[in-house]
Amino acid sequence: MFRLPSVIKRILKKTAAAGAALALCLQCGCSAGISVDNLLTPPKLSSEQEQIYQALRDTTGSAISLKYPKSGTYLSAFIIADLDDDEGDEAIVFYEKTGMPAADSGLRINVLDCIDEEWLSVCDRSAEGTEIEKVMITRLGDHDRINVVVGCSSANQSDKYVSVYEYTDNYLDLNFSQSCVKFDVGSPDGKTNDLILLGSANAAGRAFAAVYQLDADGVYHEYKYRFDDAYTDYSQMIYGQLRDGRTVLYVDAVSGTSELRTEILCLEDRFVNLLAECGKTPADTLRRAGLVSRDIDHDGVPEIPVQTVFPGYEEAAESEQMRMTKWMMLEQNRMFTEHYSYYSINDGYLLVLPDAWVDKVTVMREPLTGELLVCEYNGRLDADMPVLLRLYISYDEADTEEHLAAGYDLYHTKGTAAYLVKAEPSETLPVSAGDLLMAFRFVS
(Lines give C-alpha, C1' and ligand atoms only; values in the text may rest on other atoms or scores of the structure.)
Protein backbone atom coordinates (compact mmCIF):
# COMPACT_ATOMS: atom_id res chain seq x y z
CA MET A 1 0.00 0.00 0.00
CA PHE A 2 1.14 3.57 -0.46
CA ARG A 3 0.19 7.06 0.69
CA LEU A 4 0.84 10.54 -0.64
CA PRO A 5 1.63 13.23 1.91
CA SER A 6 -1.26 15.44 2.99
CA VAL A 7 -1.93 18.29 0.60
CA ILE A 8 -4.21 21.28 0.46
CA LYS A 9 -7.13 20.29 -1.70
CA ARG A 10 -9.27 22.46 -3.89
CA ILE A 11 -12.57 23.34 -2.26
CA LEU A 12 -14.60 22.98 -5.43
CA LYS A 13 -13.83 20.08 -7.73
CA LYS A 14 -15.26 19.34 -11.11
CA THR A 15 -16.48 15.79 -10.56
CA ALA A 16 -20.28 15.86 -10.65
CA ALA A 17 -20.50 15.29 -14.39
CA ALA A 18 -17.67 12.78 -14.31
CA GLY A 19 -19.45 10.72 -11.67
CA ALA A 20 -22.52 10.13 -13.83
CA ALA A 21 -20.54 9.20 -16.90
CA LEU A 22 -18.06 6.97 -15.10
CA ALA A 23 -20.92 4.79 -13.89
CA LEU A 24 -21.23 3.59 -17.50
CA CYS A 25 -17.83 3.99 -19.04
CA LEU A 26 -15.00 2.80 -16.83
CA GLN A 27 -14.88 -0.72 -18.16
CA CYS A 28 -11.73 -0.35 -20.22
CA GLY A 29 -9.01 -2.75 -19.17
CA CYS A 30 -11.44 -5.35 -17.81
CA SER A 31 -10.69 -8.98 -18.49
CA ALA A 32 -13.02 -10.91 -20.79
CA GLY A 33 -15.80 -13.03 -19.34
CA ILE A 34 -19.55 -13.17 -18.99
CA SER A 35 -20.44 -10.91 -16.07
CA VAL A 36 -22.08 -7.57 -15.40
CA ASP A 37 -18.60 -6.05 -15.41
CA ASN A 38 -18.27 -6.86 -19.11
CA LEU A 39 -21.75 -6.14 -20.45
CA LEU A 40 -21.53 -2.31 -20.56
CA THR A 41 -20.42 -0.45 -23.68
CA PRO A 42 -18.41 2.60 -22.62
CA PRO A 43 -19.11 5.95 -24.29
CA LYS A 44 -16.26 8.20 -25.36
CA LEU A 45 -14.51 9.61 -22.31
CA SER A 46 -14.23 13.35 -21.77
CA SER A 47 -10.79 14.82 -21.17
CA GLU A 48 -11.40 14.96 -17.41
CA GLN A 49 -12.66 11.38 -17.33
CA GLU A 50 -9.63 10.26 -19.32
CA GLN A 51 -7.45 11.95 -16.71
CA ILE A 52 -9.13 10.04 -13.88
CA TYR A 53 -8.83 6.74 -15.69
CA GLN A 54 -5.24 7.39 -16.71
CA ALA A 55 -4.34 8.36 -13.14
CA LEU A 56 -5.63 4.97 -12.00
CA ARG A 57 -3.66 3.12 -14.68
CA ASP A 58 -0.50 5.12 -13.88
CA THR A 59 -0.69 3.61 -10.39
CA THR A 60 -2.05 0.13 -11.03
CA GLY A 61 -0.87 -0.61 -14.55
CA SER A 62 -3.22 -1.61 -17.36
CA ALA A 63 -3.75 -5.24 -16.29
CA ILE A 64 -6.80 -4.63 -14.09
CA SER A 65 -10.43 -5.69 -13.99
CA LEU A 66 -12.94 -3.25 -12.56
CA LYS A 67 -15.39 -4.58 -9.96
CA TYR A 68 -18.99 -3.42 -9.69
CA PRO A 69 -21.26 -3.44 -6.59
CA LYS A 70 -24.20 -5.82 -7.09
CA SER A 71 -26.82 -3.78 -5.23
CA GLY A 72 -27.46 -0.51 -3.46
CA THR A 73 -27.21 3.14 -4.47
CA TYR A 74 -23.73 2.86 -5.95
CA LEU A 75 -23.56 0.44 -8.86
CA SER A 76 -20.40 1.67 -10.59
CA ALA A 77 -16.83 0.54 -10.08
CA PHE A 78 -16.09 4.25 -9.62
CA ILE A 79 -17.89 6.13 -6.85
CA ILE A 80 -17.69 9.91 -6.60
CA ALA A 81 -18.32 11.32 -3.11
CA ASP A 82 -16.94 13.68 -0.49
CA LEU A 83 -15.13 11.27 1.81
CA ASP A 84 -13.48 13.72 4.21
CA ASP A 85 -16.05 16.52 4.45
CA ASP A 86 -13.83 19.11 2.75
CA GLU A 87 -16.59 20.20 0.31
CA GLY A 88 -14.79 18.44 -2.54
CA ASP A 89 -15.22 14.97 -3.95
CA GLU A 90 -12.89 12.02 -4.18
CA ALA A 91 -13.19 9.03 -6.51
CA ILE A 92 -13.20 5.46 -5.20
CA VAL A 93 -12.56 2.60 -7.60
CA PHE A 94 -12.78 -1.14 -6.95
CA TYR A 95 -10.63 -3.42 -9.07
CA GLU A 96 -8.51 -6.53 -9.14
CA LYS A 97 -5.23 -7.18 -10.90
CA THR A 98 -5.25 -9.62 -13.79
CA GLY A 99 -2.56 -11.99 -14.98
CA MET A 100 -1.21 -12.34 -11.46
CA PRO A 101 -0.71 -15.37 -9.21
CA ALA A 102 -3.73 -16.03 -6.98
CA ALA A 103 -1.80 -14.91 -3.91
CA ASP A 104 -1.14 -11.50 -5.49
CA SER A 105 -4.65 -10.92 -6.87
CA GLY A 106 -7.82 -10.13 -4.95
CA LEU A 107 -10.03 -7.14 -4.47
CA ARG A 108 -8.42 -3.71 -4.13
CA ILE A 109 -9.62 -0.16 -3.49
CA ASN A 110 -8.05 2.91 -5.01
CA VAL A 111 -8.85 6.49 -3.99
CA LEU A 112 -8.19 9.37 -6.39
CA ASP A 113 -8.26 13.07 -5.57
CA CYS A 114 -8.33 16.19 -7.73
CA ILE A 115 -5.36 18.33 -6.73
CA ASP A 116 -4.58 21.56 -8.58
CA GLU A 117 -7.06 20.49 -11.29
CA GLU A 118 -5.28 17.19 -11.82
CA TRP A 119 -6.59 13.78 -10.76
CA LEU A 120 -4.08 11.73 -8.79
CA SER A 121 -4.23 8.35 -7.10
CA VAL A 122 -3.59 8.94 -3.41
CA CYS A 123 -4.34 5.58 -1.82
CA ASP A 124 -4.31 1.98 -2.97
CA ARG A 125 -5.08 -0.84 -0.57
CA SER A 126 -6.37 -4.39 -0.37
CA ALA A 127 -9.96 -5.26 0.61
CA GLU A 128 -11.80 -8.29 1.93
CA GLY A 129 -13.13 -10.92 -0.48
CA THR A 130 -13.25 -10.87 -4.25
CA GLU A 131 -16.72 -9.44 -5.06
CA ILE A 132 -18.48 -6.21 -4.05
CA GLU A 133 -21.98 -6.75 -2.66
CA LYS A 134 -22.96 -3.20 -1.65
CA VAL A 135 -21.37 0.14 -0.78
CA MET A 136 -22.80 2.80 1.53
CA ILE A 137 -21.24 6.18 2.36
CA THR A 138 -22.69 7.60 5.54
CA ARG A 139 -22.19 8.91 9.02
CA LEU A 140 -22.76 6.46 11.89
CA GLY A 141 -23.95 7.01 15.44
CA ASP A 142 -22.82 10.14 17.26
CA HIS A 143 -19.54 10.53 15.39
CA ASP A 144 -19.26 13.18 12.66
CA ARG A 145 -16.85 11.31 10.38
CA ILE A 146 -17.92 10.00 6.98
CA ASN A 147 -17.68 6.22 6.70
CA VAL A 148 -17.28 4.06 3.60
CA VAL A 149 -19.20 0.86 4.37
CA VAL A 150 -18.32 -1.98 1.98
CA GLY A 151 -19.97 -5.38 1.83
CA CYS A 152 -17.83 -8.03 0.12
CA SER A 153 -18.02 -11.74 -0.59
CA SER A 154 -15.84 -14.57 -1.79
CA ALA A 155 -16.19 -15.74 -5.38
CA ASN A 156 -18.47 -18.64 -4.41
CA GLN A 157 -20.53 -16.52 -1.98
CA SER A 158 -19.59 -18.83 0.92
CA ASP A 159 -18.04 -16.00 2.95
CA LYS A 160 -19.35 -12.47 3.29
CA TYR A 161 -17.92 -9.51 5.15
CA VAL A 162 -18.71 -5.92 5.98
CA SER A 163 -15.87 -3.45 6.37
CA VAL A 164 -16.00 0.18 7.46
CA TYR A 165 -13.31 2.61 6.28
CA GLU A 166 -12.49 6.20 7.22
CA TYR A 167 -10.70 8.42 4.71
CA THR A 168 -8.26 10.75 6.42
CA ASP A 169 -4.82 12.15 5.52
CA ASN A 170 -5.07 10.65 2.05
CA TYR A 171 -5.54 7.13 3.37
CA LEU A 172 -8.53 4.80 3.60
CA ASP A 173 -8.19 3.35 7.09
CA LEU A 174 -10.09 0.19 8.12
CA ASN A 175 -11.79 0.67 11.51
CA PHE A 176 -14.32 -2.21 11.53
CA SER A 177 -14.59 -5.63 9.91
CA GLN A 178 -17.01 -8.48 10.61
CA SER A 179 -18.31 -11.54 8.77
CA CYS A 180 -22.07 -11.54 8.15
CA VAL A 181 -24.81 -12.71 5.80
CA LYS A 182 -26.51 -9.34 5.31
CA PHE A 183 -25.93 -5.79 6.51
CA ASP A 184 -27.57 -2.40 6.42
CA VAL A 185 -27.28 1.07 7.87
CA GLY A 186 -30.49 2.07 9.63
CA SER A 187 -32.01 3.32 12.85
CA PRO A 188 -33.28 0.38 14.91
CA ASP A 189 -33.73 2.60 17.95
CA GLY A 190 -35.18 5.56 16.03
CA LYS A 191 -32.33 7.83 17.13
CA THR A 192 -29.10 7.41 15.15
CA ASN A 193 -27.93 5.65 12.00
CA ASP A 194 -26.21 2.44 13.05
CA LEU A 195 -24.56 -0.53 11.39
CA ILE A 196 -26.83 -3.59 11.48
CA LEU A 197 -25.61 -7.12 10.75
CA LEU A 198 -27.34 -10.47 10.36
CA GLY A 199 -25.24 -13.58 10.87
CA SER A 200 -25.85 -17.25 10.17
CA ALA A 201 -25.67 -20.26 12.43
CA ASN A 202 -22.31 -22.06 12.20
CA ALA A 203 -19.82 -23.94 14.30
CA ALA A 204 -18.91 -20.72 16.10
CA GLY A 205 -22.43 -20.06 17.38
CA ARG A 206 -26.09 -19.36 16.72
CA ALA A 207 -27.56 -17.07 14.08
CA PHE A 208 -27.78 -13.47 15.27
CA ALA A 209 -28.78 -9.88 14.70
CA ALA A 210 -26.30 -7.27 15.87
CA VAL A 211 -26.27 -3.48 16.01
CA TYR A 212 -23.03 -1.51 16.22
CA GLN A 213 -23.40 2.05 17.48
CA LEU A 214 -20.49 4.46 17.00
CA ASP A 215 -20.00 6.95 19.84
CA ALA A 216 -18.52 10.43 19.64
CA ASP A 217 -15.06 9.06 20.50
CA GLY A 218 -15.06 6.60 17.61
CA VAL A 219 -15.77 3.47 19.69
CA TYR A 220 -18.27 0.85 18.48
CA HIS A 221 -20.79 -0.50 21.00
CA GLU A 222 -22.29 -3.90 20.20
CA TYR A 223 -25.88 -5.02 20.86
CA LYS A 224 -26.45 -8.63 19.82
CA TYR A 225 -29.47 -10.93 19.82
CA ARG A 226 -29.00 -14.66 19.16
CA PHE A 227 -31.89 -16.43 17.43
CA ASP A 228 -33.19 -19.80 18.59
CA ASP A 229 -33.58 -21.03 14.99
CA ALA A 230 -30.57 -22.05 12.90
CA TYR A 231 -30.98 -19.50 10.10
CA THR A 232 -28.48 -19.65 7.26
CA ASP A 233 -29.81 -16.80 5.11
CA TYR A 234 -32.14 -13.81 5.20
CA SER A 235 -34.51 -12.30 2.65
CA GLN A 236 -34.60 -8.82 4.14
CA MET A 237 -34.67 -6.61 7.20
CA ILE A 238 -37.01 -3.64 7.37
CA TYR A 239 -37.98 -1.11 9.99
CA GLY A 240 -41.32 0.02 11.30
CA GLN A 241 -42.66 2.25 14.02
CA LEU A 242 -45.34 0.82 16.25
CA ARG A 243 -48.25 2.98 17.30
CA ASP A 244 -46.74 3.24 20.77
CA GLY A 245 -43.74 5.03 19.19
CA ARG A 246 -41.20 2.21 19.38
CA THR A 247 -39.01 1.56 16.34
CA VAL A 248 -38.92 -2.13 15.45
CA LEU A 249 -36.67 -4.31 13.29
CA TYR A 250 -38.40 -7.01 11.22
CA VAL A 251 -36.08 -9.79 10.02
CA ASP A 252 -37.37 -12.19 7.36
CA ALA A 253 -35.15 -15.24 7.84
CA VAL A 254 -34.81 -18.38 5.73
CA SER A 255 -35.87 -21.50 7.59
CA GLY A 256 -34.86 -24.82 6.04
CA THR A 257 -34.40 -24.61 2.29
CA SER A 258 -37.20 -22.33 1.15
CA GLU A 259 -39.51 -21.19 3.94
CA LEU A 260 -39.50 -17.85 5.73
CA ARG A 261 -40.00 -16.87 9.34
CA THR A 262 -40.04 -13.38 10.79
CA GLU A 263 -38.24 -12.20 13.91
CA ILE A 264 -39.45 -8.92 15.45
CA LEU A 265 -36.90 -7.11 17.59
CA CYS A 266 -36.85 -3.80 19.44
CA LEU A 267 -33.61 -2.18 20.57
CA GLU A 268 -33.94 -0.47 23.93
CA ASP A 269 -31.14 -0.90 26.48
CA ARG A 270 -30.92 -4.37 24.94
CA PHE A 271 -32.71 -6.33 22.23
CA VAL A 272 -36.28 -7.27 23.12
CA ASN A 273 -38.09 -10.09 21.30
CA LEU A 274 -41.57 -8.69 20.66
CA LEU A 275 -42.99 -11.99 19.39
CA ALA A 276 -42.17 -13.59 22.73
CA GLU A 277 -43.83 -10.69 24.54
CA CYS A 278 -47.13 -11.45 22.82
CA GLY A 279 -46.89 -15.21 23.33
CA LYS A 280 -45.86 -16.04 19.75
CA THR A 281 -42.82 -17.61 18.12
CA PRO A 282 -41.30 -17.26 14.63
CA ALA A 283 -43.00 -20.58 13.79
CA ASP A 284 -46.32 -18.70 13.90
CA THR A 285 -45.11 -16.65 10.90
CA LEU A 286 -43.96 -19.63 8.79
CA ARG A 287 -44.71 -19.30 5.06
CA ARG A 288 -43.17 -20.04 1.68
CA ALA A 289 -40.26 -18.12 0.16
CA GLY A 290 -41.03 -14.80 -1.52
CA LEU A 291 -43.67 -13.75 1.01
CA VAL A 292 -41.66 -10.98 2.62
CA SER A 293 -43.02 -8.57 5.19
CA ARG A 294 -44.45 -5.34 3.74
CA ASP A 295 -46.19 -2.20 4.90
CA ILE A 296 -49.09 -2.78 2.53
CA ASP A 297 -51.30 0.01 3.90
CA HIS A 298 -48.50 2.59 4.31
CA ASP A 299 -49.18 3.24 7.99
CA GLY A 300 -45.55 2.82 9.01
CA VAL A 301 -46.06 -0.64 10.54
CA PRO A 302 -45.07 -3.65 8.39
CA GLU A 303 -47.44 -6.60 8.07
CA ILE A 304 -46.31 -10.24 7.94
CA PRO A 305 -47.97 -12.39 5.23
CA VAL A 306 -49.14 -15.80 6.46
CA GLN A 307 -51.13 -18.03 4.14
CA THR A 308 -54.15 -20.29 4.50
CA VAL A 309 -56.64 -21.53 1.88
CA PHE A 310 -59.74 -19.80 0.59
CA PRO A 311 -63.09 -21.32 1.55
CA GLY A 312 -63.87 -24.46 -0.42
CA TYR A 313 -60.25 -25.54 -0.91
CA GLU A 314 -59.71 -27.19 2.47
CA GLU A 315 -59.82 -30.72 1.03
CA ALA A 316 -58.30 -29.95 -2.37
CA ALA A 317 -54.89 -31.22 -3.43
CA GLU A 318 -52.16 -28.72 -2.61
CA SER A 319 -51.46 -28.08 -6.30
CA GLU A 320 -55.11 -27.08 -6.80
CA GLN A 321 -55.55 -24.90 -3.74
CA MET A 322 -56.13 -21.16 -3.99
CA ARG A 323 -54.41 -19.46 -1.10
CA MET A 324 -55.54 -16.55 1.00
CA THR A 325 -52.86 -14.30 2.49
CA LYS A 326 -53.47 -12.99 5.98
CA TRP A 327 -51.40 -9.90 6.83
CA MET A 328 -50.45 -10.12 10.51
CA MET A 329 -49.75 -6.98 12.50
CA LEU A 330 -48.10 -6.42 15.88
CA GLU A 331 -49.71 -3.94 18.24
CA GLN A 332 -49.71 -3.57 22.03
CA ASN A 333 -48.17 -6.97 22.70
CA ARG A 334 -50.59 -8.86 20.48
CA MET A 335 -50.57 -10.25 16.94
CA PHE A 336 -53.73 -10.06 14.87
CA THR A 337 -54.83 -10.23 11.23
CA GLU A 338 -55.15 -6.70 9.92
CA HIS A 339 -55.99 -7.57 6.30
CA TYR A 340 -57.12 -10.59 4.26
CA SER A 341 -56.14 -10.74 0.61
CA TYR A 342 -55.50 -12.62 -2.58
CA TYR A 343 -51.79 -12.11 -3.32
CA SER A 344 -50.05 -13.01 -6.57
CA ILE A 345 -46.28 -12.65 -6.25
CA ASN A 346 -45.72 -13.59 -9.90
CA ASP A 347 -48.21 -11.03 -11.21
CA GLY A 348 -47.13 -8.35 -8.74
CA TYR A 349 -50.43 -7.42 -7.12
CA LEU A 350 -52.63 -8.11 -4.14
CA LEU A 351 -56.35 -7.63 -3.65
CA VAL A 352 -57.22 -6.73 -0.07
CA LEU A 353 -60.68 -8.11 0.63
CA PRO A 354 -63.23 -5.48 1.70
CA ASP A 355 -64.49 -6.17 5.24
CA ALA A 356 -67.90 -7.24 3.91
CA TRP A 357 -66.25 -9.99 1.84
CA VAL A 358 -64.13 -11.62 4.56
CA ASP A 359 -65.22 -15.26 5.15
CA LYS A 360 -67.94 -14.86 2.48
CA VAL A 361 -65.97 -15.08 -0.75
CA THR A 362 -63.59 -17.44 -2.47
CA VAL A 363 -61.55 -17.23 -5.68
CA MET A 364 -61.05 -19.40 -8.72
CA ARG A 365 -59.33 -19.27 -12.12
CA GLU A 366 -61.17 -19.24 -15.40
CA PRO A 367 -59.34 -22.17 -17.04
CA LEU A 368 -59.22 -20.86 -20.62
CA THR A 369 -58.24 -17.22 -20.04
CA GLY A 370 -56.53 -17.38 -16.64
CA GLU A 371 -58.87 -14.65 -15.42
CA LEU A 372 -59.18 -14.45 -11.62
CA LEU A 373 -62.77 -14.63 -10.37
CA VAL A 374 -63.82 -13.51 -6.89
CA CYS A 375 -67.03 -15.38 -6.12
CA GLU A 376 -69.67 -15.37 -3.40
CA TYR A 377 -69.21 -18.58 -1.40
CA ASN A 378 -72.27 -20.34 -0.03
CA GLY A 379 -70.67 -23.54 1.20
CA ARG A 380 -69.94 -25.25 -2.10
CA LEU A 381 -67.19 -24.70 -4.66
CA ASP A 382 -68.68 -24.87 -8.15
CA ALA A 383 -69.11 -22.97 -11.39
CA ASP A 384 -72.53 -21.64 -10.35
CA MET A 385 -71.17 -19.37 -7.63
CA PRO A 386 -72.13 -15.69 -8.24
CA VAL A 387 -69.14 -13.76 -9.59
CA LEU A 388 -68.42 -10.50 -7.77
CA LEU A 389 -65.21 -9.43 -9.47
CA ARG A 390 -63.11 -10.30 -12.51
CA LEU A 391 -59.42 -9.52 -12.86
CA TYR A 392 -57.75 -10.03 -16.21
CA ILE A 393 -54.13 -9.24 -17.14
CA SER A 394 -53.67 -8.38 -20.81
CA TYR A 395 -50.38 -8.24 -22.67
CA ASP A 396 -51.77 -7.20 -26.03
CA GLU A 397 -53.15 -3.79 -27.00
CA ALA A 398 -56.03 -5.19 -29.06
CA ASP A 399 -56.91 -7.59 -26.24
CA THR A 400 -56.92 -4.68 -23.79
CA GLU A 401 -59.20 -2.62 -26.01
CA GLU A 402 -61.58 -5.56 -26.36
CA HIS A 403 -61.88 -5.94 -22.58
CA LEU A 404 -62.34 -2.20 -22.07
CA ALA A 405 -65.20 -2.31 -24.56
CA ALA A 406 -66.72 -5.18 -22.54
CA GLY A 407 -66.93 -3.04 -19.40
CA TYR A 408 -63.56 -3.67 -17.75
CA ASP A 409 -61.68 -0.78 -16.13
CA LEU A 410 -57.93 -0.27 -16.46
CA TYR A 411 -56.48 -0.19 -12.93
CA HIS A 412 -52.74 -0.38 -13.55
CA THR A 413 -50.05 -0.89 -16.19
CA LYS A 414 -46.60 -2.39 -15.78
CA GLY A 415 -44.45 -2.82 -18.87
CA THR A 416 -46.70 -4.47 -21.44
CA ALA A 417 -49.12 -5.75 -18.78
CA ALA A 418 -52.52 -4.07 -18.36
CA TYR A 419 -54.48 -4.95 -15.20
CA LEU A 420 -58.19 -4.91 -16.06
CA VAL A 421 -60.97 -5.18 -13.48
CA LYS A 422 -64.71 -5.64 -13.84
CA ALA A 423 -67.08 -5.56 -10.85
CA GLU A 424 -70.32 -7.49 -11.24
CA PRO A 425 -73.53 -6.21 -9.58
CA SER A 426 -74.47 -7.97 -6.33
CA GLU A 427 -77.36 -7.44 -3.95
CA THR A 428 -75.86 -9.52 -1.11
CA LEU A 429 -72.21 -8.42 -1.21
CA PRO A 430 -72.06 -5.02 -2.92
CA VAL A 431 -68.82 -3.05 -2.89
CA SER A 432 -68.27 0.49 -4.12
CA ALA A 433 -65.92 1.46 -6.92
CA GLY A 434 -63.92 3.50 -4.40
CA ASP A 435 -63.50 0.52 -2.08
CA LEU A 436 -62.32 -1.63 -4.97
CA LEU A 437 -59.84 0.98 -6.10
CA MET A 438 -58.36 1.09 -2.59
CA ALA A 439 -58.33 -2.71 -2.35
CA PHE A 440 -55.78 -3.23 -5.13
CA ARG A 441 -52.07 -2.85 -4.30
CA PHE A 442 -49.36 -3.30 -6.91
CA VAL A 443 -45.96 -4.42 -5.71
CA SER A 444 -42.59 -5.06 -7.32
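Between the residues Leu172, Asn156, Asn346, the greatest Cα displacement towards the positive end of the dipole of the chain, with unit charges on the Cβ of Lys, Arg, Asp and Glu, is found for Asn156.
Is the C-alpha gyration tensor of segment 200-267 telling us rounded, prolate or oblate? Criteria: a/c under 1.5 is rounded; beyond that, a/b larger than b/c is prolate, otherwise oblate.
Numbers: a/c = 2.69, a/b = 1.27, b/c = 2.11.
Cα axes put segment 200-267 in the oblate bin.
For segment 105-147, just say rounded, prolate or oblate: build the C-alpha gyration tensor, square-root its eigenvalues into a ≥ b ≥ c, call rounded for a/c under 1.5, and beyond that prolate if a/b exceeds b/c, oblate if not. Oblate. Under a 5 Å amide H cut-off, with hydrogens placed 1.01 Å from N, Asp159 pairs with Ser154 among residues at least 5 apart or on other chains.
Starting from the Cα-Cα distance between Ala398 and Glu318, subtract it from 0.36 nm times their residue separation and give me the gain in nm to one decimal. Numbers along the way, then the final one.
Details: separation 80, 0.36 × 80 = 28.80 nm, distance 3.56 nm.
The Ala398-Glu318 span can extend by a further 25.2 nm.
Sequentially through segment 181-186, phi angles give Karplus couplings (6.51, -1.76, 1.60; θ = phi - 60°) of 9, 8, 9, 7, 10, x Hz, Gly and Pro residues having no value and appearing as x.
Counted residue by residue at 0.36 nm each, then reduced by the alpha carbon distance between them, the extension gain from Asp269 to Phe336 reaches 21.4 nm.
Of the listed pairs Lys70/Lys224; Lys67/Lys134; Lys280/Lys326; Lys134/Lys182, which have alpha-carbon separations greater than 21 Å here? Long pairs (Cα-Cα over 21 Å): Lys70/Lys224. In order along segment 53-63, the Karplus-derived 3J(HN,Hα) couplings, from 6.51 cos²θ - 1.76 cosθ + 1.60 at θ = phi - 60°, round to 5, 5, 4, 5, 5, 4, 8, 9, x, 8, 8 Hz, and Gly and Pro are given as x. Computed from phi, the 3J(HN,Hα) profile of segment 212-227 under the Karplus parametrisation 6.51, -1.76, 1.60 (θ = phi - 60°) reads 10, 9, 9, 8, 5, 8, x, 9, 7, 10, 9, 10, 10, 10, 9, 6 Hz, with x in place of Gly and Pro.
What's the extension gain from Ser126 to Ser179 if we count 0.36 nm per residue and subtract their Cα-Cα distance?
On the way: separation 53, 0.36 × 53 = 19.08 nm, distance 1.66 nm.
Contour length minus the Cα-Cα distance gives 17.4 nm.
Remark: relative contact order (the chain) = 7 percent; criterion is Cα-Cα distance under 8 angstrom and separation of 6 or more residues. At a 1.4 Å probe radius, carbon and sulfur cover how many percent of the accessible area of segment 289-416? Here it works out to 45 percent.
Once you have a ≥ b ≥ c as the square roots of the Cα gyration tensor eigenvalues for segment 72-190, tell me rounded if a/c is under 1.5, and otherwise prolate or oblate according to whether a/b is larger than b/c. Write out the running numbers ahead of the final one.
Working: a/c = 2.00, a/b = 1.04, b/c = 1.92.
Note, shape of segment 72-190 comes out oblate.
Springs join every pair of Cα atoms under 10 Å in this Gaussian network model of the chain, and among Ser163, Ser179, Ser62 the largest mean-square fluctuation is at Ser62. Only the Cβ atoms of Lys and Arg (+1) and of Asp and Glu (-1) were treated as charged; on that basis the dipole of the chain about its Cα centre amounts to roughly 800 debye.
Backbone amide hydrogens, once placed in the peptide plane, bring Ser235 within less than 5 Å of Asp252, Ala253, Val254, excluding anything fewer than 5 places away on its chain. Projected onto their three principal axes, the Cα atoms of the chain cover extents of 81, 55, 41 Å, largest first. FRET efficiency for the pair His412 and Asp299, taken as 1/(1 + (r/R0)^6) with r the Cβ-Cβ distance and R0 = 25 Å, rounds to 0.70.
Basic side chains Lys and Arg get +1 at the Cβ, acidic Asp and Glu get -1 at the Cβ, and with that the dipole of segment 266-343 about its Cα centre reaches some 180 debye. Amide H contacts of Thr168 (H built 1.01 Å from N, in plane; Pro and chain starts excluded): Asp173 sit under 5 Å, all sequence-distant by 5 or more or on other chains. Which FRET efficiency value, to the nearest 0.05, is calculated for Ala383 and Asp169 with the Förster distance at 60 angstrom and r the Cβ-Cβ distance? For R0 = 60 Å, the calculated efficiency reads 0.20. In loop segments of segment 263-316 as defined by DSSP, the trypsin sites (Lys or Arg not before Pro) with at most 13 further C-beta atoms inside 10 Å of their C-beta are Arg270.
Ellipticity at 222 nm from helices only: DSSP H runs of n ≥ 4 in the chain, each -39500 (n - 2.57), divided by the residue count, give -3000 deg cm²/dmol. Restricting segment 350-428 to chymotrypsin sites (Phe, Trp or Tyr not before Pro) that sit in a DSSP loop and have at most 15 other Cβ atoms within 10 Å of their own Cβ leaves Tyr395. For segment 105-240, which whole-number percentage of the solvent-accessible area (1.4 Å probe, protein heavy atoms only) is attributable to carbon and sulfur atoms? C and S fraction of accessible area: 39 percent.
Using R₀ = 22 Å, calculate the FRET efficiency as 1/(1 + (r/R₀)^6) where r is the Cβ-Cβ separation of Met100 and Asp58; round to 0.05. Using R0 = 22 Å, I get an efficiency of 0.75.
How many percent of the alpha carbon pairs in segment 282-361 exceed a separation of 15 Å? For segment 282-361, the share of Cα pairs beyond 15 Å comes to 59 percent. Remark: the chain carries 48 Å² of accessible area per residue (probe radius 1.4 Å; ligands, DNA and RNA excluded).
If Lys and Arg each add +1 and Asp and Glu each add -1, what is the summed charge of the other residues whose beta carbon sits under 13 Å from the beta carbon of Ala406? Please report the intermediate quantities before stating the final value.
Details: positive: Arg390, Lys422; negative: Glu371, Asp399, Glu401, Glu402, Asp409, Glu424.
Residues near Ala406 contribute -4 overall.
The values are calculated or read from the model by the stated rules, or taken from the named source; none is laboratory data. What you see is a predicted model; the values in this text were computed from it and never measured. Counting neighbours? That spans all protein chains shown, and the Cβs are built from the backbone with ideal geometry, glycine included. What goes into the accessible areas is simple: the full protein's heavy atoms, side chains included, and nothing from ligands, DNA or RNA. Shrake-Rupley method; radii C 1.70, N 1.55, O 1.52, S 1.80 Å.
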